[in-house]
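The values are calculated or read from the model by the stated rules, or taken from the named source; none is laboratory data. Remember, predicted model here, so these are calculated numbers, not experimental data. Cβ coordinates were reconstructed from backbone atoms using ideal geometry, including for glycine residues, and neighbour counts include every protein chain displayed.
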Amino acid sequence: MTSAFHVYFGPEALAQTPRVRRIGPHDCFLSLKEGLDDFFAVPTYPIFVGLFYAVAGIALFAMTSFGNALHLAFPLAAGFALIGPFVAIGLYEMSRRRERGLAVASTDALTVVRSPALPSILAFGLLLLAIFAAWLFAAELIYVRLYGPVPPAAAIPFLQDVLSTGRGWTLIVVGVLAGFCFAALALAISVVSFPLMLDRDLGLVPALEASLRVTRANPLAVAVWGGIVAAALVLGSLPLFFGLAVVMPVLGHATWRFYRKAIERDPAHEVPIEGPLHPDVTRNPVLRLLWIFLDALDVLRPGKELGSTGLDRLYDGPKSEAAKPRAGAP
């Protein structure tokens, strides 16, 4: 059982200090380009995750409509991206394998359940969820301060009031400023945290500290990266959130590439890439159903051979990195 000390500080406490590189805005755009390459190279699981975001975004908007909480529709849609770095953990694993030249299947995303850093990753995810909850609480307070405790009854009258009155514009300005503060906080503490924990089994505290050092050493690059993420999320959210089906996976892969540019590699401390999940791990009914679904998507992918699917590899036992086929091999 993983100890609380391991969760917060990792197996080597604070002795393993990641070295931060100096990067510039061009590295941000290069990371985005490489993320697009990863997305097109392995489009099955990323599309699945993106559709999850799209459906979840629509569901959140519907809940606010039917629950007389229309004033929280925008905070929910904007703040939902705060937990994106946590949900994209499987994408980091896929990019990690692809950069090593290994063949990547959709089911490889599930191997994160064996990561020694999984408890630390879950703890950091809860931290982002707490920031998300705090953002919603702040948004509610701002609305109550300007409009009172009665929620808007309908969307059109509420939008007309927001766009045509002084208190409405105050709500927009104050809300955007508050949202910016929460987003900046989330970005500063998580810009490389999750990829770093997955790659090196680093604890929550040193991973958070490394993200803050990256932000402090490269304020312009991190600001540009945050602008790219914000612009992409806005574009993806406009067509009723359906654009997130592409935007979120691309950003997930690009985040791994950004991490590689911002943190110097340390092979001595990197967690080895393992083979397929053991049958014992996939005895969980939910995990097994997800495995079968992702494997089916791999089978349907053009040019994919049936013999290389995850279900066929499930009972082959673990393989070393060197034994795995190289990407693009015949």
So how many residues does segment 155-168 have that are out of contact with any His (no Cβ under 9 Å at 6 or more places or on another chain) and in contact (Cβ under 8 Å) with a residue 60 or more places away in the chain? 1
Hits in segment 103-119 (condition: in contact with a Lys or Arg (Cβ under 9 Å, 6 or more places away or on another chain) and either among the acidic types (Asp, Glu) or surrounded by fewer than 18 Cβ atoms within 10 Å (Cβ to Cβ) (or both)): 103, 108
Are any residues in segment 195-207 in a helix (DSSP H, G or I) and in contact with a Leu (Cβ under 8 Å, 6 or more places away or on another chain), and if so, which ones? 196, 197, 204, 205, 206, 207
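Conditions tested, residue by residue: (1) out of contact with any Ser or Thr (no Cβ under 7 Å at 6 or more places or on another chain); (2) surrounded by 23 or more Cβ atoms within 10 Å (Cβ to Cβ); (3) modelled with pLDDT of 90 or more.
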site	(1), (2), (3)
65	yes, no, no
68	yes, no, no
85	no, yes, no
122	yes, no, yes
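Is segment 77-95 home to any residue that is more than 25 Å from residue 228 (Cβ to Cβ) and part of a helix (DSSP H, G or I)?
From segment 77-95, those more than 25 Å from residue 228 (Cβ to Cβ) are none; that's our starting set.
The answer is no; no qualifying residue exists.
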Of all residues in segment 257-285 being over 21 Å from the mean Cα position of the chain (by Cα), farther than 21 Å from residue 11 by Cα and of a type in the set (A, V, I, L, M, F, W, C), the one that is modelled with the highest pLDDT: 277
If I filter segment 214-226 for residues that are surrounded by fewer than 19 Cβ atoms within 10 Å (Cβ to Cβ) and more than 23 Å from residue 30 (Cα to Cα), do I get at least one hit? no
Looking only at segment 119-152, count how many residues are touching a residue at least 40 places away in the same chain (Cβ under 8 Å) and among the aliphatic types (A, V, I, L, M). 10
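Look through 162, 176, 222, 234 and report the one residue that is closer than 22 Å to residue 33 by Cβ, at pLDDT below 95 and either in contact with a Leu (Cβ under 6 Å, 6 or more places away or on another chain) or assigned to a helix (DSSP H, G or I) (or both). Step through it out loud before you land on a result.
Working: 162 fails: closer than 22 Å to residue 33 by Cβ; 176 fails: closer than 22 Å to residue 33 by Cβ; 222 fails: at pLDDT below 95.
Selected residue: 234, the only one of 162, 176, 222, 234 that is closer than 22 Å to residue 33 by Cβ, at pLDDT below 95 and either in contact with a Leu (Cβ under 6 Å, 6 or more places away or on another chain) or assigned to a helix (DSSP H, G or I) (or both).
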